[in-house]
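The values are calculated or read from the model by the stated rules, or taken from the named source; none is laboratory data. Predicted model, so just to flag it, every value in this text is computed and none were measured. Because the Cβ atoms are built from the backbone with ideal geometry, glycine has one as well, and the counts that use them run over all protein chains shown.
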Amino acid sequence: MPSHLFSPFTLRGIEFKNRIVVSPMCQYSSVDGFANDWHLVNLGSRAVGGAGLVLSEAAAISPEGRITPHDLGIWSDEHVAGLKRITDFLTANGAVPGIQLAHAGRKASHNRPWEGGKGISPTEPGGWQTVAPSAVAFAETSPVPAALDEEGIQKIRADFREATHRALLAGFVVAEIHAAHGYLLHQFLSPISNQRTDQYGGSFDNRVRLLLDIVADVRAIWPADYPLFVRISATDWAEGGWTPDESVALSALLKDQGVDLIDCSSGGTVPRPTIPLGPGYQVPFAERIKRETGMPTGAVGLITTAEQAEAILAAGQADLILLARESLRDPYFPLHAAHTLGEDIPWPVQYERAKKV
């Protein structure tokens, strides 16, 4: 029987040739938000390697939405050309091009991980004033954010709308809204980071309001035959935080709003959560959301082998497999996985003489 991992999957009008997705992974290698040769080679090699969908790293919708001064951006029309160069290459090599739209909120204005990852205050070179639902810092070494007022919230919505228009011009056909890992939209979801008492805080309905508004904004712009994903952290792994039950309830609302797939990750709201790490440790979140809402889901987290990915799909736990670190280790994971599973898939003609039989 054909493998599940290499069966096509269609959402709206877009078909993915297989169920393997390159997960968004920050490279911290931009200058002023521009995509460059590193981004072309990094993402392009994964398309050559056979992935069905290649998602860009988080693209900041505004300069103040960057995690570091070196993040990829989509806040300027000038960013479009560099991104279009990448989507053209991905498409030409058989991968669907996708983009993750993001705002880091209180986790913005930090150094790169290999530079220590500490926060940069607004008075330091390279730093800026961060914003968040509430004036609560992420960690002791993080800058204290300014609580967003109504004008600031409306600017966030406008920035997402403008970024969506640019994503279309750049040739992306899948958009993912980043509402996970303790970044801005997740900060609104979690009671740990959201201590507001207005219409955006307190109750579940209030905490999900901004995300639902942004989804509606993006879906109104994004073509009807193009898929829209949302990445969530299904749990904060912290007492008093966002819960799996809330993730199920949110996913049902997002389904009604025209979202096509929930990308199920976890964590990011608190600096040092206790997480039961192990192979596929986040897969149960994808399985539960899929089972209880009927929403297609993507599984992510310590998925490292073809057999493991195949078993997840065969058991109906998820619809897509998102690979992050394993894709960094092996850009050609899909080609190798096909051989492992006994699938004869096309290789790039330039590489055919190296194909295993």
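Is it the case, given these coordinates, that Arg46 is in a helix (DSSP H, G or I), out of contact with any strand residue (DSSP E or B) (no Cβ under 9 Å at 6 or more places or on another chain) and not hydrophobic (A, V, I, L, M, F, W, C)? Spelling it out, it is not the case that Arg46 is in a helix (DSSP H, G or I), out of contact with any strand residue (DSSP E or B) (no Cβ under 9 Å at 6 or more places or on another chain) and not hydrophobic (A, V, I, L, M, F, W, C). In segment 292-302 there is no residue matching the filter, namely being modelled with pLDDT under 95 and of a type in the set (A, V, I, L, M). The requirement of being under 30 Å from Ala108 (Cα atoms), in contact with a helix residue (DSSP H, G or I) (Cβ under 7 Å, 6 or more places away or on another chain) and part of a loop (DSSP other than H, G, I, E, B) is satisfied by Gly280.
Restricting attention to segment 234-263 and to residues that are farther than 18 Å from Gln187 by Cβ and touching a strand residue (DSSP E or B) at 6+ places or on another chain (Cβ under 7 Å), the residue that is surrounded by the most Cβ atoms within 10 Å (Cβ to Cβ) turns out to be Ile262.
A quick yes/no check of all residues on (1) under 15 Å from Arg112 (Cα atoms); (2) small (Gly, Ala, Ser); (3) buried (at least 24 other Cβ atoms within 10 Å of the Cβ):
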{"position": "Gln27", "(1), (2), (3)": "yes, no, no"}
{"position": "Gly33", "(1), (2), (3)": "yes, yes, no"}
{"position": "Trp38", "(1), (2), (3)": "no, no, no"}
{"position": "Ala51", "(1), (2), (3)": "no, yes, yes"}
{"position": "Leu55", "(1), (2), (3)": "no, no, yes"}
{"position": "Ser62", "(1), (2), (3)": "no, yes, no"}
{"position": "Arg66", "(1), (2), (3)": "yes, no, yes"}
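Can you work out which of the residues in segment 302-314 that are part of a loop (DSSP other than H, G, I, E, B) and touching a Gly at 6+ places or on another chain (Cβ under 7 Å) is nearest to Ser3 (Cα to Cα)?
Our first condition is that a residue be part of a loop (DSSP other than H, G, I, E, B); within segment 302-314, this holds for 302-305.
Adding the requirement that they be touching a Gly at 6+ places or on another chain (Cβ under 7 Å) leaves 302-303.
Working: Leu302: 21, Ile303: 17 Å.
This residue is Ile303.
Screening His39 on (1) in a loop (DSSP other than H, G, I, E, B); (2) more than 19 Å from Ala309 (Cβ to Cβ); (3) of a type outside the set (A, V, I, L, M, F, W, C) shows it passes everything except condition (1). Residues of segment 115-159 that are part of a helix (DSSP H, G or I) and either in contact with a Ser or Thr (Cβ under 9 Å, 6 or more places away or on another chain) or within 20 Å of Asp32 (Cβ to Cβ) (or both): Glu115, Lys155, Ile156, Asp159. Considering each of Arg272, Arg288, Arg231, Arg196 in turn, give the residue that is surrounded by fewer than 20 Cβ atoms within 10 Å (Cβ to Cβ) and outside any loop (DSSP other than H, G, I, E, B). Residue meeting the stated conditions: Arg288.
Contact map, segment 51-73: first residue under 18 Å from Ala132 (Cα atoms) and modelled with pLDDT of 95 or more, second residue of a type in the set (Phe, Trp, Tyr) and crowded, with 23+ Cβ neighbours inside 10 Å, Cβ cut-off under 6 Å, separation 6 or more or different chains; pairs are Ile61/Phe160.
Annotation note: of Ala104, Ala147, Ala135, the sole residue that is without any contact (Cβ under 8 Å) to a residue 40 or more places away in the chain and under 18 Å from Arg207 (Cα atoms) is Ala135.
As an exercise: evaluate Ala299 against (1) in a loop (DSSP other than H, G, I, E, B); (2) surrounded by 12 or more Cβ atoms within 10 Å (Cβ to Cβ) and give the number of the one condition it does not meet. Checking Ala299 against (1) in a loop (DSSP other than H, G, I, E, B); (2) surrounded by 12 or more Cβ atoms within 10 Å (Cβ to Cβ), the one that fails is (1). Starting from residues that are of a type outside the set (A, V, I, L, M, F, W, C) and in contact with a His (Cβ under 8 Å, 6 or more places away or on another chain), keep the ones in segment 194-235 and report whichever is nearest to Lys255 (Cα to Cα). Looking at residues that are of a type outside the set (A, V, I, L, M, F, W, C) and in contact with a His (Cβ under 8 Å, 6 or more places away or on another chain), I get Arg231.
Within segment 281-300, being in contact with a strand residue (DSSP E or B) (Cβ under 7 Å, 6 or more places away or on another chain) and either farther than 21 Å from Thr10 by Cβ or acidic (Asp, Glu) (or both) holds for Gln282, Val283, Phe285.
Being in contact (Cβ under 8 Å) with a residue 60 or more places away in the chain and among the aromatic types (Phe, Trp, Tyr) is the filter here, so list the residues in segment 188-222 that pass it.
Within segment 188-222, the subset in contact (Cβ under 8 Å) with a residue 60 or more places away in the chain is 189-190, 192-196, 200-201, 217-218, 221.
The one that is in contact (Cβ under 8 Å) with a residue 60 or more places away in the chain and among the aromatic types (Phe, Trp, Tyr): Tyr200.
Checking each residue in segment 244-281 for being of a type in the set (D, E, K, R) and more than 18 Å from Tyr183 (Cβ to Cβ) picks out Asp245, Lys255, Asp256, Asp260. For Leu185, the criteria (1) free of Cβ contacts under 8 Å to residues at least 60 places away in the same chain; (2) buried (at least 22 other Cβ atoms within 10 Å of the Cβ); (3) out of contact with any Pro (no Cβ under 8 Å at 6 or more places or on another chain); (4) under 22 Å from Val270 (Cβ atoms) hold in every case but one, which is (1).
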